[in-house]
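Take a look at the structure below.
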Amino acid sequence: MPYNRDTASAQADKLSGIVEESDLYEGFAPHVETSEIKVLDFYNLPKSTGKEPALRSFTEIKQLLDQGKKREVKSILRENSWPINSPIRSQLWPALCAQHNTKPQMVEGFYWEMVHQVFGTTELSEKPIMLPAFVDATHCLPYHLTRTGRAVADRIVNVLGYDCPDITYSPVLYPIVSILLHFMSEEEAYHCLAALVGSKDKVFINQTKLLHEVTWKTVMQIAKKHTKNAVSYFQRICPGVKLERVFMDWCWWILAGLPFQHLVRIMDCFFHEGIKVLYRIALVIINLFHKECQSNNEWSPDNIKNDIGNALIKFCKKIPVSPAKLLHAAFSIRGLSSTYISRIFLKTEMLLKSRSVLNTGNKTLVKSRSSDNLPTSQSQVNIQMMSHTLTIREKPHHTETCRNLLFTLWSWLPVRITMYQPVLLYTTEEHGCSLTTFYVRVEQHEPTLMMIKTCNNEVFGAYCSSRWFERNVKDDKGQRQAYFGTGETFLFSLYPERAKYPWVGIENDKDLGHASELFMAADSKMITIGGGEGQAIWMDENIRFGKTDSCKTFNNPPLCPSGDFEIRVLEVYGFVGA
């Protein structure tokens with residue numbers, strides 16, 4: 001019987017509780033070996049007392065998604081324990097993934113055209129196909145897919161590798177494909193995966209070795225704070241085992257260890273909220289394992305001290321709590337905000353990048369400073385031809401060359417951005433002095449580099465990590481957010497002083513308060529960068545006058561001595577392909 005999405009939808013909306021045994025496997029796609037899937041836990045729950053609210057339908061959730069009520073959707077996903085075989089996921093998961101899509105909607109049949117380009121046919125090969133290099137062959141987890149289902153998963157990751165050549169290392173990608181295929185068709189699974197990979201607002205799937213390492217080290221740092229007793233216990237009973245070796249496999253506690261019914265419920269939330277859900281689950285696993293170690297002889301120190309990593313995965317296979325309790329514990333952890341996680345992640349990424357540069361040796365380091373982390377010759381020519389801010393002539397015998405200022409500025413950019421070609425998006429010299437024109441030409445680009453040259457020849461600006469369009473984004477109450485942006489934003493001064501002023505959170509693990517996270521703000525009357533007891537850069541709607549103060553977000557001095565300034569030139573650059 002072919003997989004009929006309309007039928008699945010009708011079943012999803014009718015489902016409000018325990019289904020009859022005859023409908024046991026109606027929710028799964030045809031390439032799933034349903035006989036191996038255990039659903040007994042759900043049926044062994046105490047009988048309903050009639051007081052529990054009915055499970056929400058896809059129609060209700062879709063309506064909330066269409067209205068942009070993401071917080072309400074988040075609560076529903078966390079609280080509604082749909083059974084593992086619920087047909088709701090055949091529509092719910094594609095809808096959740098689609099909201100993260102940043103590319104134009106793919107035309108019908110696009111996936112099959114890609115399949116034909118890669119394989120020369122749309123027929124599924126009976127022979128094994130070689131997987132892309134970014135796949136970890138030791139963790140190609142099929143879960144309950146049939147042999148055909150596994151071949152479909154192989155084909156999807158190959159097509160994705162062809163369509164996204166920037167993916168260089170992504171071991172969790174294959175397991176997520178496999179999970180998706182339990183509830184939807186091949187084409188739908190590909191579209192879901194492409195949306196998760198291309199997401200800009202939230203992180204779902206790491207795609208490089210660097211980010212993979214940054215992620216597990218972030219989990220380790222968070223665990224040291226939020227599961228301090230458990231981590232200390234592991235270090236005490238396993239003095240010869242480095243903590244790093246344990247946390248390197250953190251994602252496999254979840255993806256390879258937990259029972260499938262737990263994993264499916266976690267994915268309900270993951271496809272909406274992102275990787276932070278997995279961080280929370282990992283912390284709960286650590287705490288539960290710690291408690292079991294103290295009360296269960298199976299996990300006594302003598303039994304686990306030689307291989308605590310493998311013991312963790314074995315523990316997850318027998319985890320003593322239900323999916324609902326696991327999620328409840330995960331979302332009850334306090335002080336684990338997205339901002340806090342982002343701060344730890346960003347600090348870890350910067351530390352790893354700096355170490356990689358320092359460990360490459362002097363010869364490579366010299367090469368890196370002169371070429372690898374600096375603009376290409378073509379970029380240098382382009383900017384020098386276009387820029388009215390980087391060439392400064394204050395006195396006959398004092399000339400600061402565009403090239404030197406450009407090299408200084410480039411060395412401050414995130415390494416990944418230096419690979420892209422800069423393009424001038426807006427300049428007052430050509431496009432006039434209008435905030436409206438500024439938004440039209442700049443607002444959809446991310447990131448952007450803003451440079452200001454004053455009538456006194458001071459040159460300063462900001463690297464802006466988010467789109468200026470985000471000034472229009474509304475919260476759950478329909479209010480526009482005052483400030484937006486991320487901790488990657490920084491200020492700089494190029495003349496007469498050269499200095500970079502990064503976000504204060506990079507150097508501090510403590511919660512510095514709201515004033516330390518006022519990165520970017522804008523409306524029809526002004527633009528602001530940095531806040532808290534002053535604004536680092538403020539410009540009026542005519543892009544003529546501005547002011548600069550010290551601010552808490554960047555802990556910067558005023559970027560020009562007088563504080564107030566008149567704008568001679570404003571330039572904004574984007575990066576092609578970023």
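Listed values, structure above:
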{"quantity": "Failed condition for residue 213, given (1) under 19 Å from the mean Cα position of the chain (by Cα); (2) in a helix (DSSP H, G or I); (3) farther than 26 Å from residue 70 by Cα; (4) assigned by the TED database to the domain that holds residue 122", "calculated": "(4)"}
{"quantity": "Given (1) farther than 20 Å from residue 349 by Cβ; (2) part of a helix (DSSP H, G or I); (3) open to solvent by less than 60 Å² (accessible area, probe 1.4 Å); (4) touching a strand residue (DSSP E or B) at 6+ places or on another chain (Cβ under 9 Å), index of the condition residue 429 fails", "calculated": "(3)"}
{"quantity": "Residue within the stretch 238-256 that is open to solvent by 50 Å² or more (accessible area, probe 1.4 Å), assigned to a helix (DSSP H, G or I) and farther than 27 Å from residue 101 by Cβ present", "calculated": "yes"}
{"quantity": "Residue 299 vs. criteria within 30 Å of residue 94 (Cβ to Cβ) and assigned by the TED database to the domain that holds residue 342", "calculated": "no"}
{"quantity": "Residue in the stretch 440-470 that is most open to solvent (accessible area, probe 1.4 Å), counting only those that are over 15 Å from residue 548 (Cβ atoms) and among the hydrophobic types (A, V, I, L, M, F, W, C)", "calculated": "440"}
{"quantity": "Flag for residue 130 being open to solvent by 50 Å² or more (accessible area, probe 1.4 Å) and outside the structural domain of residue 268 (by the TED database)", "calculated": "yes"}
{"quantity": "Extreme residue, farthest from residue 350 (Cα to Cα), among residues of the stretch 188-218 that are open to solvent by 10 Å² or more (accessible area, probe 1.4 Å) and of a type in the set (S, T, N, Q)", "calculated": "199"}
{"quantity": "Single condition residue 155 does not satisfy, out of (1) closer than 30 Å to residue 322 by Cβ; (2) touching a Ser or Thr at 6+ places or on another chain (Cβ under 9 Å)", "calculated": "(1)"}
{"quantity": "Index of the failed condition, residue 228 passing every other in (1) surrounded by fewer than 19 Cβ atoms within 10 Å (Cβ to Cβ); (2) modelled with pLDDT of 95 or more", "calculated": "(2)"}
{"quantity": "Residue in the stretch 148-163 that is assigned to a loop (DSSP other than H, G, I, E, B) and open to solvent by 50 Å² or more (accessible area, probe 1.4 Å) present", "calculated": "no"}
{"quantity": "Qualifying residue in the stretch 71-81 (condition: over 25 Å from residue 328 (Cβ atoms) and among the hydroxyl-bearing types (Ser, Thr, Tyr))", "calculated": "no"}
{"quantity": "Yes/no for residue 138 being touching a residue at least 60 places away in the same chain (Cβ under 8 Å), assigned to a helix (DSSP H, G or I) and surrounded by fewer than 18 Cβ atoms within 10 Å (Cβ to Cβ)", "calculated": "no"}
{"quantity": "Count of the stretch 522-564 residues which are out of contact with any Lys or Arg (no Cβ under 7 Å at 6 or more places or on another chain), assigned to a strand (DSSP E or B) and either open to solvent by 30 Å² or more (accessible area, probe 1.4 Å) or under 24 Å from residue 424 (Cβ atoms) (or both)", "calculated": "10"}
{"quantity": "The stretch 62-77, residues that are free of Cβ contacts under 8 Å to residues at least 60 places away in the same chain and not basic (Lys, Arg)", "calculated": "63, 64, 65, 66, 67, 75, 76"}
{"quantity": "Some residue of the stretch 182-191 being at negative phi, touching a residue at least 12 places away in the same chain (Cβ under 8 Å) and of a type in the set (S, T, N, Q)", "calculated": "yes"}
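A quick yes/no check of all residues on (1) in a helix (DSSP H, G or I); (2) surrounded by 13 or more Cβ atoms within 10 Å (Cβ to Cβ); (3) at pLDDT below 95:
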{"position": "38", "(1), (2), (3)": "no, no, yes"}
{"position": "41", "(1), (2), (3)": "yes, yes, yes"}
{"position": "49", "(1), (2), (3)": "no, no, yes"}
{"position": "52", "(1), (2), (3)": "no, no, yes"}
{"position": "68", "(1), (2), (3)": "no, yes, yes"}
{"position": "71", "(1), (2), (3)": "yes, no, yes"}
{"position": "78", "(1), (2), (3)": "yes, yes, no"}
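The values are calculated or read from the model by the stated rules, or taken from the named source; none is laboratory data. All figures in this text were calculated on a predicted structure; none of them were measured in a lab. Reconstructed Cβ throughout: ideal geometry from the backbone, glycine too, with neighbour counts over all protein chains shown. Heads up: the accessible areas ignore ligands, DNA and RNA and are worked out on the full protein's heavy atoms, side chains in. Shrake-Rupley method; radii C 1.70, N 1.55, O 1.52, S 1.80 Å.
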